[in-house]
């Protein structure tokens with residue numbers, strides 16, 4: 001994409017142009033009003049030295065009328081500037097917070113629609129940090145660009161106009177110092193850009209470390225890892241500290257440069273105007289007016305110097321933000337994609353190959369059919385590719401070779417919405433959102449009635465425990481469903497699948513977190529639900545799939561056996577070995593709390 005080329009160059013100007021075109025331009029009317037207020041503030045500031053010169057000239061000439069009018073003009077100018085500044089602040093905050101919210105919404109939209117492979121490149125904490133630290137820089141830069149930059153530039157231009165009107169030659173002398181200050185400011189800005197990129201990346205790692213370690217507190221305490229985690233955190237915090245020190249030191253160099261440059265300019269003016277006053281070429285009013293303008297210009301010049309540092313830090317944040325927005329999902333509808341109409345629900349894996357990356361091949365030439373309306377079980381050791389294969393059906397990933405077909409249609413040729421509406425999936429990794437039980441079940445079908453939701457809860461053996469909750473179905477489950485037990489979360493997730501009532505079911509050890517009684521009830525409900533539907537089920541306990549119509553045995557991403565339970569036991573191959581291992585394990589006098597990974 002063309003925009004990626006702009007980002008790759010690391011230029012600030014293309015980033016600002018894009019920021020304007022995509023996010024600021026829609027607010028052009030408000031920004032035009034902001035500009036009008038900026039001009040009022042700048043114009044009022046530019047009048048200060050003119051009023052000072054006129055006042056001193058009036059004092060020298062003993063002009064009583066001018067002496068009386070001067071204070072009134074000062075009051076009028078300061079009132080105009082004061083009220084304009086207030087309106088400027090209110091309008092700028094309104095437009096900047098609107099732009100920030102729009103950008104955050106767009107970034108979240110890109111992330112939520114991104115491929116799993118894209119999201120998996122960074123930790124959730126590092127991605128969350130984009131919405132906090134990065135947007136602090138962006139918001140600060142937006143505010144400064146909308147007010148400080150325009151206001152200070154306009155103020156400097158107004159003051160320069162005042163100085164030229166008072167004395168053009170002295171203005172030229174004062175301006176000689178500008179190139180000597182601008183060059184080092186530019187170098188400092190480039191260094192800040194590099195440091196800001198490193199700081200933001202390191203801050204993301206820090207957020208990831210904190211989230212990871214707090215989530216694993218139980219394991220950390222059990223294994224005595226507190227010292228290791230504290231040392232690792234201390235190192236990360238120190239790296240962030242060093243980067244922040246570099247940025248602070250770089251910004252600290254700006255003020256001495258600006259102060260020294262301003263000092264040289266004032267010194268040169270004092271020498272020249274002093275000689276001209278002595279010779280009668282200038283008046284005391286010229287002196288006071290010009291020096292006042294020069295001193296007033298020092299503050300906006302300093303602000304612009306500091307603004308360069310802020311813009312460079314924001315540029316790195318914008319670069320990271322736009323990089324996410326420009327990372328187009330690979331898994332999306334084709335231009336000619338049409339809705340999927342499931343007639344039978346046959347799922348065919350046709351010579352499927354899949355790689356997470358060039359060095360990580362997960363599936364090799366997988367070829368079999370999950371017949372319509374029947375149950376196909378996937379078994380095998382951990383890492384054999386079962387979950388990966390299941391993820392290809394709803395296109396959570398796309399095959400790198402071969403194809404996945406539903407009723408003869410390649411899943412890549414149908415719309416994602418229609419494909420995923422035809423599939424219900426229950427994973428051993430239960431995902432609940434921080435909402436009510438009712439809402440979490442209703443994600444299976446948004447238009448479901450309360451009665452339908454409760455029926456789904458009953459089918460999943462969840463209704464009884466839900467009714468014992470403080471607000472029943474309206475109880476909020478907490479972040480990631482943390483207010484429910486593991487078995488309760490699993491049954492809410494199952495209820496969601498029951499409610500969806502899809503023709504194709506994907507079950508990844510759907511009863512793994514249930515106690516014996518709940519498992520018995522849920523297994524009965526699942527067997528009822530599977531009737532007439534195509535079901536692909538992953539099971540670690542082989543006893544749960546012995547009645548499957550077909551069992552597919554996988555090893556190292558390959559299908560090594562297929563058949564019924566009895567046929568595979570009789571073949572004395574890989575399935576029979578897995579079966580013997582589980583029988584041996586189950587026969588131990590002190591069974592483990594967990595079953596062998598399959």
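FYI, it's all coordinate maths here, none of it is from the lab. Predicted, not measured: the structure shown is a model, and the values here were computed from it. Cβ: placed from backbone, ideal geometry, glycine included. Neighbour counts: every protein chain shown.
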Discussion item. Only counting other Cβ atoms within 10 Å, I'd like 31, 88 sorted with the fewest neighbours first.
Written reply: 31, 88
Response to the item:
Computed from the beta carbon distance with a Förster radius of 25 Å, FRET efficiency for residue 128 and residue 417 to the nearest 0.05 stands at 0.35
Item to complete: Just the ratio, please: alpha-carbon radius of gyration of the stretch 363-425 over 2.2 N^0.38 Å, N its number of residues.
Response: 1.12
Worksheet item: Which order do 145, 85 fall in if you start with the one that has the fewest other Cβ atoms within 10 Å?
Response: 85, 145
Response to the item:
Ranked on Cβ counts within 10 Å of their own Cβ, fewest leading, 338, 415, 45 go 338, 415, 45
Worksheet item: Which whole number in µm²/s is D for the stretch 310-360 by Stokes-Einstein, with the Kirkwood Rh taken over Cα pairs at 20 °C and 1.002 mPa s?
Response: 134
Worksheet item: For the stretch 95-110, list residues with backbone N below 18 Å from a point placed 7 Å from the Cα of residue 332 toward its Cβ?
Response: 105-110
Response to the item:
Length gained if residue 501 through residue 464 is fully extended, taking 0.36 nm per residue and subtracting the Cα-Cα distance, is 11.2 nm
Fill in: FRET efficiency, residue 371 to residue 90 (Cβ-Cβ, R0 60 Å, nearest 0.05)
0.35
Worksheet entry | Ranked by how many other beta carbons lie within 10 Å on average, peptides 372-379, 570-577 from highest | 372-379, 570-577
Fill in: Inter-probe distance in nm under a simple model that places probes 7 Å from Cα toward Cβ, at residue 356 and residue 446
3.2
